[in-house]
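One structure is given below, encoded as structure tokens.
The values are calculated or read from the model by the stated rules, or taken from the named source; none is laboratory data. This is a predicted model, so every value here is computed, not measured. Please note: Cβ atoms are built from the backbone with ideal geometry, for glycine as well, and neighbour counts cover all protein chains shown. Heads up: the accessible areas ignore ligands, DNA and RNA and are worked out on the full protein's heavy atoms, side chains in. Shrake-Rupley method; radii C 1.70, N 1.55, O 1.52, S 1.80 Å.
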Amino acid sequence: MISDYRGCLSATTLSYAGSQGILRPMQATFDFDSRPALLDRIQRQLIAQFGRIVRPANKRRDPVWTLVQGVIGARTKTAVSNASTDRLLADLGSWEAVAGQPLEALTDSLANQTFPDLSASRLQDCLTEIIRQCGAADLPHLMEMETAEAMAWLETLPGVARKISAGVMTNSMLERKALVIDTHHRRVVQRIGLVPAKADTARVYDILMPVLPPDWTAADVDEHHLLVKRLGQIHCRPSRPDCATCPVRGDCQTGQDAGVRHHESAAS
């Protein structure tokens, strides 16, 4: 439950609860107890295929920077959003100044984003709400909160849903255990059969977080997302996935089904 942190949070009481039940999605045969071992095996297979993908310490930014990058980043390459975030702060000097920019000027500043109008509007609303609650565009109270509690608070801000709240907790200097689920990651775990085919980002997060290998550190969880994202970009593409060369095909319901179809086609 959330009460008050240094006068920053609103008086509204919030709760956060994940889905802890056993789910048996699609036709997969994984049960709750086998999933940590499966995820650990997938991690090792992806490292063998792609090598280590470890986020350097100097790439972890403060929570507000990470939040801004997430809010403006819809359907935009990470490098572009990173550059836009850095440019905003360099040009205007503070996040308070960014929040106070005329919307048209802020939209122009975000011209490289895929949706500059939407990004500018969401960002201004988000920063304005933080300033209203906290007195400044700063998030020091997150350090005092449990991860789930902090994510619940973040998700009350305009433009912030589960992917962004998890990103703030794990990608920033906070470095907490929170699995970022982007469209690539969600598609991969849906096809593997770990989650239902129509599960949204929040439900995927709630299903997977309790079954991550217990010995994984925050850095392991972060690397897992980066590896699965790479798999989604290279092999498990939205259309015409390359199941034949996928390194986790043996553990994937969709990959196994594709193999059966190929075998039946070759035999006919």
In region 217-228, which residue that is of a type in the set (Val, Ile, Thr) and more than 12 Å from VAL188 (Cβ to Cβ) is least open to solvent (accessible area, probe 1.4 Å)?
-> VAL221
When (1) under 28 Å from ASP251 (Cα atoms); (2) out of contact with any Asp or Glu (no Cβ under 9 Å at 6 or more places or on another chain); (3) of a type in the set (Ser, Thr, Tyr) are applied to THR170, the one that fails is (2)
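Okay, residues lined up against (1) modelled with pLDDT under 95; (2) closer than 14 Å to ALA137 by Cα; (3) out of contact with any strand residue (DSSP E or B) (no Cβ under 9 Å at 6 or more places or on another chain):
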| residue | (1), (2), (3) |
| --- | --- |
| LYS59 | yes, no, yes |
| LEU67 | no, yes, yes |
| ILE72 | no, no, yes |
| TRP95 | no, yes, yes |
| GLU104 | no, no, yes |
| SER109 | no, no, yes |
| ASP117 | no, no, yes |
| ALA120 | no, no, yes |
| LEU123 | no, yes, yes |
List pairs: first in region 113-126 and over 14 Å from LYS77 (Cβ atoms), second part of a helix (DSSP H, G or I) and open to solvent by 40 Å² or more (accessible area, probe 1.4 Å), Cβ under 7 Å, 6+ apart or cross-chain?
-> ALA120/LEU103; SER121/LEU103; GLN124/LEU103
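Say we look at region 60-80 and pick out the residues that are of a type in the set (Gly, Ala, Ser) and under 20 Å from LEU157 (Cα atoms); which of these is most open to solvent (accessible area, probe 1.4 Å)? It would help to see each step written out before you state the result.
In the first step, residues of region 60-80 are kept if they are of a type in the set (Gly, Ala, Ser); the result is 70, 73-74, 79.
Those left that are additionally under 20 Å from LEU157 (Cα atoms): 70, 73-74.
Numbers: GLY70: 21, GLY73: 16, ALA74: 36 Å².
Taking the candidates together, the pick is ALA74.
Select from region 125-145 the residues that are assigned to a loop (DSSP other than H, G, I, E, B) and acidic (Asp, Glu) and list them in ascending order. Walk me through how you get there before you give the answer.
So in region 125-145, the residues assigned to a loop (DSSP other than H, G, I, E, B) come out as 135-139, 145.
Selection gives ASP138 alone.
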Can we say ALA266 is among the small types (Gly, Ala, Ser) and either crowded, with 21+ Cβ neighbours inside 10 Å or at pLDDT 95 or above (or both)?
-> no
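Among the residues that make up region 208-221, is at least one of them in a helix (DSSP H, G or I), on the phi < 0 side of the Ramachandran plot and without any contact (Cβ under 8 Å) to a residue 24 or more places away in the chain? Break it down stepwise before answering.
As a first pass, look at region 208-221 and keep what is in a helix (DSSP H, G or I): 208-211, 218-221.
Checking the rest, the ones that are also on the phi < 0 side of the Ramachandran plot come to 208-211, 218-221.
Those still in the list that are without any contact (Cβ under 8 Å) to a residue 24 or more places away in the chain too: none.
Scanning region 208-221, I find no residue that is in a helix (DSSP H, G or I), on the phi < 0 side of the Ramachandran plot and without any contact (Cβ under 8 Å) to a residue 24 or more places away in the chain, so the answer is no.
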The correct count of residues that are small (Gly, Ala, Ser) and within 19 Å of VAL160 (Cα to Cα) in region 68-94 is 5
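Mind checking whether some residue in region 128-145 is of a type outside the set (A, V, I, L, M, F, W, C), under 30 Å from GLU223 (Cβ atoms) and without any contact (Cβ under 8 Å) to a residue 60 or more places away in the chain?
Looking only at region 128-145, we keep the residues that are of a type outside the set (A, V, I, L, M, F, W, C), and these are 128-129, 132-133, 135, 138, 140-141, 144.
Retained after the next criterion (residues that are under 30 Å from GLU223 (Cβ atoms)): 138, 140-141, 144.
Those still in the list that are without any contact (Cβ under 8 Å) to a residue 60 or more places away in the chain too: none.
The answer is no; no qualifying residue exists.
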Tell me which residues, restricted to region 81-99, are loosely packed, with under 15 Cβ neighbours inside 10 Å and in a helix (DSSP H, G or I).
-> ALA83, ASP86, ARG87, ALA90, ASP91, ALA97
Of (1) among the small types (Gly, Ala, Ser); (2) assigned to a helix (DSSP H, G or I); (3) more than 19 Å from the chain's Cα centre (by Cα), ALA166 satisfies every one except (3)
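Can you pull out the residues in region 183-207 that are part of a helix (DSSP H, G or I), under 16 Å from the mean Cα position of the chain (by Cα) and among the charged types (D, E, K, R)? Outline the logic, then answer.
Of all residues in region 183-207, those part of a helix (DSSP H, G or I) come to 183-192, 201-207.
Keeping just the survivors that are under 16 Å from the mean Cα position of the chain (by Cα) gives 183-190, 201-207.
Of everything in region 183-207, those that are part of a helix (DSSP H, G or I), under 16 Å from the mean Cα position of the chain (by Cα) and among the charged types (D, E, K, R) turn out to be ARG186, ARG187, ARG203, ASP206.
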Return only the number of the condition from (1) open to solvent by 70 Å² or more (accessible area, probe 1.4 Å); (2) in a loop (DSSP other than H, G, I, E, B); (3) under 20 Å from GLU155 (Cα atoms) that ASN112 does not satisfy.
-> (3)
Does region 229-243 hold any residues that are more than 23 Å from the chain's Cα centre (by Cα), at pLDDT 95 or above and open to solvent by 30 Å² or more (accessible area, probe 1.4 Å), and which are they?
-> ASP242
Going by the conditions given, is ALA178 among the aliphatic types (A, V, I, L, M) and in a helix (DSSP H, G or I)?
-> no
